[in-house]
Amino acid sequence: MKKLWGGRFTKRPEQWVDEFGASIAFDQQLVQEDIQGSLAHVKMLAKCGILPNEDAEAIQNGLLSLLEKAEKDELAFSAQYEDIHLNIEKHLIDEIGPVGGKLHTGRSRNDQVATDMHLYLKKHVLNIVSLIESLQKELVEKAEKHVETLIPGYTHLQRAQPVSFAHHLLAYFWMLQRDVERFKESLKRIDMSPLGAGALAGTTFPIDREYSAQLLGFSSIYENSMDAVSDRDFILEFLSNSSMLMMHLSRFCEELILWSSQEFQFVEIDDTYATGSSIMPQKKNPDMAELIRGKTGRVYGNLFGLLTIMKGLPLAYNKDLQEDKEGMFDTVTTVEGCLTIFAGMISTMAVNEEKMEQTTKQDFSNATELADYLAAKGMPFREAHEVVGKLVLICIQKGIYLMDLPLEEYEQASSLFESDIYDVLNPRTAVNRRNSQGGTGFSQVKAAIQKAKALLSDYAVNQQS
């Protein structure tokens with residue numbers, strides 16, 4: 001088969017060379033974006049008088065026919081035509097004849113592929129934002145049911161202070177909120193049109209880049225043609241934002257895995273998101289949470305891979321940039337899948353409220369309450385810290401907890417202790433008293449839920465508008 005760029009060549013590459021250099025195996029995912037970009041380009045060519053209206057109309061009708069076939073998965077692609085662009089051009093020429101070859105006037109595959117990826121990422125980043133918001137909604141709904149459910153809070157994976165389970169869940173809501181903001185902010189860089197930049201230097205044809213950008217729904221164009229075809233910052237930013245999102249999901253998965261273990265028994269993952277063992281009949285493994293945790297490394301790898309590809313590239317386009325797509329596609333698929341699974345996992349998760357609260361009464365996570373109690377009565381906090389530390393040691397030696405220690409022991413440690421100390425030590429009291437802004441006190445948690453709901457409501461309004 002004749003190469004669409006083969007006029008200068010006297011020899012044809014062998015089939016295995018074609019296959020090595022081809023990207024159609026993966027960039028066929030850009031088929032709709034490629035046709036969409038071509039439709040805008042041909043309309044612009046006609047508007048600017050570069051193509052006769054009858055040629056432009058024939059090309060447009062041919063592209064619409066190909067788009068319909070693509071949506072029905074009726075287009076066949078060949079490695080002999082290398083990439084999605086040349087495959088579509090070949091299909092177009094087969095569809096409408098030699099006039100199809102005029103479509104490429106005033107553009108290059110370099111600006112064409114960049115345009116495709118901007119269109120692709122814009123669509124998928126908006127979808128990822130929507131999926132994050134769906135997960136946030138599930139977290140808020142679960143939190144609303146568990147404002148007064150107590151759970152041990154941890155530092156260093158050691159029990160530290162009791163907290164509201166809703167407060168713990170909302171920590172992830174706000175992590176995800178930062179992810180939403182990062183993805184939305186990145187749209188400023190994604191929503192730019194490289195179309196019309198040509199191979200690297202622009203074109204001699206009197207094109208209207210602003211018009212084609214407007215047709216494609218882009219808010220701006222690249223101001224420099226060399227930058228337009230060689231920039232992959234927008235993909236790197238997407239991969240970086242995705243890596244942070246996956247890190248947040250992975251941290252949450254680690255807690256779900258711990259919480260669902262026999263040692264914790266705080267939650268039970270629904271059967272839909274768990275698997276069994278091929279040899280041990282009793283097993284229920286939180287495999288979906290483990291998979292999400294594992295796939296985080298995959299997304300990190302895609303980021304590091306593209307950073308490495310880009311670090312030594314001179315301007316402008318280089319064939320190395322063909323390697324930018326598979327990691328981007330893989331990350332989109334991974335992130336969208338993980339968010340969908342996670343939302344379902346949270347909505348169906350059973351919470352063992354009794355077990356959670358029971359554990360808050362079988363540790364020393366209320367020790368800080370004692371130190372605060374003494375400090376509030378005038379004892380310097382450092383001195384109070386030492387007094388309480390000694391009381392904890394006494395309890396450890398006796399095999400009891402602070403609630404079990406007789407009042408006489410407290411009075412011997414400090415004359416500031418009174419009988420009300422047992423109410424202060426109650427985990428429920430301890431949690432409810434922490435009403436500093438952003439704290440775990442029940443009134444603060446309820447206020448945080450209302451703020452979260454207001455944000456979700458704003459999302460819904462913005463989507464409708």
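Coordinate-derived values only; no laboratory data. These numbers come from a predicted model, not from an experiment. Cβ atoms come from the backbone with ideal geometry, glycine included; neighbour counts cover every protein chain shown.
Observations, loosely collected:
- Distance violations [Cα-Cα > 23 Å] among LYS377/LYS451; LYS123/LYS184; LYS90/LYS188; LYS122/LYS325; LYS361/LYS390; LYS137/LYS184: LYS377/LYS451; LYS90/LYS188
- Packing-based ranking, highest mean first, of 224-234, 429-439, 304-314 given that Cβ atoms within 10 Å are counted: 224-234, 429-439, 304-314
- Taking the C-alpha atoms only, the angle from helix 442-464 to the longest principal axis of the chain is near 10 degrees.
- Taking a ≥ b ≥ c as the square roots of the eigenvalues of the alpha-carbon gyration tensor, the chain is classed prolate because a/c is 1.5 or more and a/b outweighs b/c.
- Taking the Cα centre of the chain as origin and assigning +1 to Lys and Arg Cβ atoms and -1 to Asp and Glu Cβ atoms, the resulting dipole is close to 660 debye.
- Cα gyration tensor shape for the range 360-451, rounded if a/c is under 1.5, else prolate or oblate: prolate
- Look at the dipole of the chain built from charges on Cβ: of THR333, SER240, TYR459, the Cα furthest out on the positive end belongs to SER240.
- Dipole of the chain, positive direction: furthest Cα of THR296, ILE396, ALA171, with charges on the beta-carbon: THR296
- A straight Cα-to-Cα reach below 24 Å connects LYS284 with the lysines LYS142, LYS295, LYS355, residues fewer than 8 places away in its own chain not being considered.
- Angle between the chain longest axis and helix 325-348 axis [Cα atoms, degrees, rounded to 10]: 40 degrees
- Euclidean distance of C-alpha centroids, the range 435-458 and the range 365-426, integer Å: 31 Å
- Ranked by the mean number of other Cβ atoms within 10 Å of their residues, highest first, the peptides 366-375, 411-420, 55-64 come out as 366-375, 55-64, 411-420.
- Each Lys and Arg contributes +1 and each Asp and Glu -1, all at the Cβ; summed about the Cα centre of the range 6-105, the dipole is approximately 420 debye.
- Cα long-axis angle, helix 381-398 against the chain (0 to 90 degrees, to the nearest 10): 70 degrees
- Gap separating the Cα centres of the range 93-122 and the range 60-88, nearest whole Å: 11 Å
- Convex hull volume of the range 6-105 per residue (C-alpha atoms, cubic angstrom): 100 Å³
- Only the Cβ atoms of Lys and Arg (+1) and of Asp and Glu (-1) were treated as charged; on that basis the dipole of the range 299-433 about its Cα centre amounts to roughly 400 debye.
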